[in-house]
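Here the structure is laid out as structure tokens; the discussion comes afterwards.
Bear in mind that the values in this text are calculations on the coordinates, not laboratory data. From a predicted model like this one, the values you see are computed outputs, not experimental measurements. Cβ atoms come from the backbone with ideal geometry, glycine included; neighbour counts cover every protein chain shown.
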Ligand SMILES: Cc1cc2nc3c(=O)[nH]c(=O)nc-3n(C[C@H](O)[C@H](O)[C@H](O)COP(=O)(O)OP(=O)(O)OC[C@H]3O[C@@H](n4cnc5c(N)ncnc54)[C@H](O)[C@@H]3O)c2cc1C
């Protein structure tokens, strides 16, 4: 595998809020190398040739078909990407896995099933398994001989996963764990061979176990009747005095939460990547349809309101893609070890970038929901018909805001993790917030004014960071450790954080690409301007909400005046930009920045 071109200077997770980086420090899709692209191409061709023709039968849950499809993917190596070479995997780097995941996402049910076995279903063994467990299971997961599932949720414990009631007790002879309880919503459950099951030892100590299909006392319920991703398997699991060999405990008794949550950190970034692939596809289908369909004597594509939709779908997809590849680049750059050390380090790195992974998850799922919703609208009545691609895309998209931690939970996590890093001295957020407060009291400063093609966006980005520090500083000062109880304020702050990451990632990519000139670079500059302009509006509104929920009277008046000053931004003709961007999409019927 060729070496990846990744930035040398790596920010800490969440560091983007207090540091200023350069375009060359940010990984972008243009940095993906030819080997990594080839992997993506192989995945795309496999899905087009082997999976797409099966969709009608997969949607009807034809017996055994999804398992067969996964095993076929295993035959050409598509299930082995995350498994170390020492255990029969291809141990691809984070960039290659990102490209592969994006290309697999053509059919959401297949992507979810594949992620269930290669991601959340095997990461616990890769990172926390004993040598024996790894040797026994990983080579077979890598080829698809064994398919896997991740079993955390229960009927009464979804977001509140640690409230699980499934219990494990050691058998009197000390040879096995006896499991009792129920799991709910288990992806791949209908056909998986291995189940990563979380249960409380003696009803108290949250722990993880590898359970094999066929274990006595372990049974599956019927397939759930779902709104979307109907081709995927989702079943409840039942444990009635099910004996699990003692050596199938994963990690340590009472440390199951470490296994569960670190696995989700990885899964969340991957979910955002899948959503990116889906957003591009919705754009492509919408563009083709808008050109074919005529109304009032001309193609839909010629109407301003349709162009506005295509333009905005592209703008949000671009911002998402810029964030996703930047995060993948940071994760990849931070892993320097090899062999067994690499696995240990990779887990620490995933924890380091857990904030960015949550951002991928939330921004990914909401971008995709926006794109498929606008896609349905562009298709009109045909968007509402199951014979056309948008109806399924719309149904399939909705789950992404719910699983892998709902978007509400992830929004709260983003701020909780930032606060933890600030309190622990990992991120200098507290001194930075104090500095902004002092600066605002002392009136306008004499900072260097940004220059160059993106001067206004650069200025907006710097000001947006100050807005966050102003609003977050005020909220922390007032509520302190009780801030987490103020969920609406936390969510507003989280939205500001996500927009800052999106502006910076989009801007750095556009700056990096500017040198290459040409139409694509000009369109990228357009997209970056429109995104930054709108994001500054959102940021001002969210900060205003947070401040109004925090302060009152003269203090609030002063803070809102400061906010207005910070969030001021020059007008941009976003109507003209969306039209130009839509024209770029319509010219080639696809997302215009592929590989750029
Ligand atoms: C198709 C599908 C596949 C799935 N696959 C898997 C799988 O493979 N493995 C697995 O373990 N699980 C799986 N899940 C379960 C999924 O992870 C949970 O549904 C999800 O975590 C939400 O839990 P819940 O459904 O119990 O909702 P709840 O936790 O009851 O949440 C309901 C609502 O309340 C909100 N809420 C909850 N707590 C809070 C809070 N503290 N503050 C504010 N709002 C809150 C939520 O955001 C949500 O909007 C799957 C679910 C589905 C539908």
Quick numbers on the range 258-407, Rg and Dmax over C-alpha atoms in Å, give 18.4, 65
Test of understanding: extend the Cα→C-beta vector of residue 205 to 7 Å, then name every residue of the range 161-175 with backbone N under 20 Å from that spot. 162-175
Convex hull around the C-alpha positions of the range 150-256: the volume in Å³ per residue is 92 Å³
Each label sits 7 Å from Cα toward the beta-carbon; between residue 594 and residue 212 the label points are separated, in nm, by 4.4 nm
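With Kirkwood's inverse mean 1/r over C-alpha pairs for Rh, give me the Rg to Rh ratio of the range 464-596, two decimals please. Show your work: numbers first, answer last.
Working: Rg = 18.0 Å, Rh = 16.4 Å.
We get a ratio of 1.09 for the range 464-596.
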Mean Cβ neighbour count within 10 Å, used as a protection proxy, ranking 424-431, 467-474, 515-522, 162-169 highest first: 467-474, 162-169, 424-431, 515-522
Percent of beta bridges antiparallel (DSSP, the chain, rounded to nearest 5): 85 percent
Before rounding to the nearest 500, sum -39500 (n - 2.57) across all DSSP H runs of length at least 4 in the chain and divide by the residue total; then give [θ] at 222 nm in deg cm²/dmol. -18500 deg cm²/dmol
Shape metrics for the range 460-517, restricted to C-alpha atoms - Rg then Dmax, Å: 15.0, 50
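Taking every pair of Cα atoms in the range 249-296, average 1/r, invert it to obtain the Kirkwood radius, and report Rg/Rh to two decimals.
Values: Rg = 20.6 Å, Rh = 14.1 Å.
Rg/Rh: 1.46.
In square nanometres and to one decimal, what's the mean projected area of the convex hull around the Cα atoms of the range 396-468?
Numbers: hull surface 31.8 nm².
With every direction weighted equally, the projected area is 8.0 nm².
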Could the peptides 304-316, 173-185 be put in order, highest first, of the mean number of other beta-carbon atoms found within 10 Å of their residues? 304-316, 173-185
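Using the beta-carbon distance between residue 171 and residue 298 and R0 = 51 Å, what value does 1/(1 + (r/R0)^6) give for FRET efficiency, to the nearest 0.05? Working shown, then result.
Numbers: r = 74 Å, r/R0 = 1.46.
In this case the efficiency is close to 0.10.
Where Rh is the Kirkwood radius over the Cα pairs of the range 112-157, the temperature 20 °C and the viscosity 1.002 mPa s, what D in µm²/s does Stokes-Einstein return?
Details: Rh = 11.1 Å.
Approximately 193 µm²/s, per Stokes-Einstein.
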Cα-projected label distance for residue 557 with residue 246, points at 7 Å along beta-carbon direction, nm: 7.3 nm
How high is the FRET efficiency from residue 71 to residue 338, r the C-beta distance, R0 22 Å, rounded to 0.05? 0.15
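Expected output is a single nm value to one decimal: the length gained when fully extending between residue 402 and residue 420, i.e. 0.36 nm times separation in residues minus the C-alpha distance. What is it?
Stretched fully, the residue 402-residue 420 segment lengthens by 4.0 nm.
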Could you compute how fast the range 417-542 diffuses translationally, taking Rh as the Kirkwood radius over C-alpha pairs and applying Stokes-Einstein at 20 °C with viscosity 1.002 mPa s? Give it in µm² per second. 134 µm²/s
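Taking only C-alpha pairs under 8 Å that are 6+ residues apart, what is the relative contact order of the chain in percent?
On the way: 1046 pairs, mean separation 92.5, N = 596.
After rounding, I find 16 percent.
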Taking a quarter of the surface of the Cα convex hull of the range 27-147, what do you get in nm²? 7.5 nm²
By the mean-Cβ-within-10 Å protection proxy, highest first, 448-456, 523-531 rank as 523-531, 448-456
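Per the Kirkwood definition applied to all pairs of different Cα atoms, how many angstroms is the hydrodynamic radius of the range 126-208? Each step should come with its number before you reach the end.
On the way: mean 1/r = 0.0717 Å⁻¹.
One decimal place: 13.9 Å for the Kirkwood radius.
Could you give the Stokes-Einstein D for the chain in µm² per second, using the C-alpha Kirkwood radius, 4 °C, 1.567 mPa s? Intermediate results must be reported in sequence, preceding the final value.
Working: Rh = 25.0 Å.
For these conditions, the coefficient is 52 µm²/s.
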For a label point 7 angstrom out from the Cα of residue 223 toward its Cβ, which stretches of the range 65-86 have the backbone nitrogen within less than 18 Å? 65-72
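Over the range 150-303, what is the mean sequence separation of C-alpha contacts under 8 Å (at least six apart), divided by residue count, expressed as relative contact order in percent?
Working: 283 pairs, mean separation 33.1, N = 154.
Result for the range 150-303 is 21 percent.
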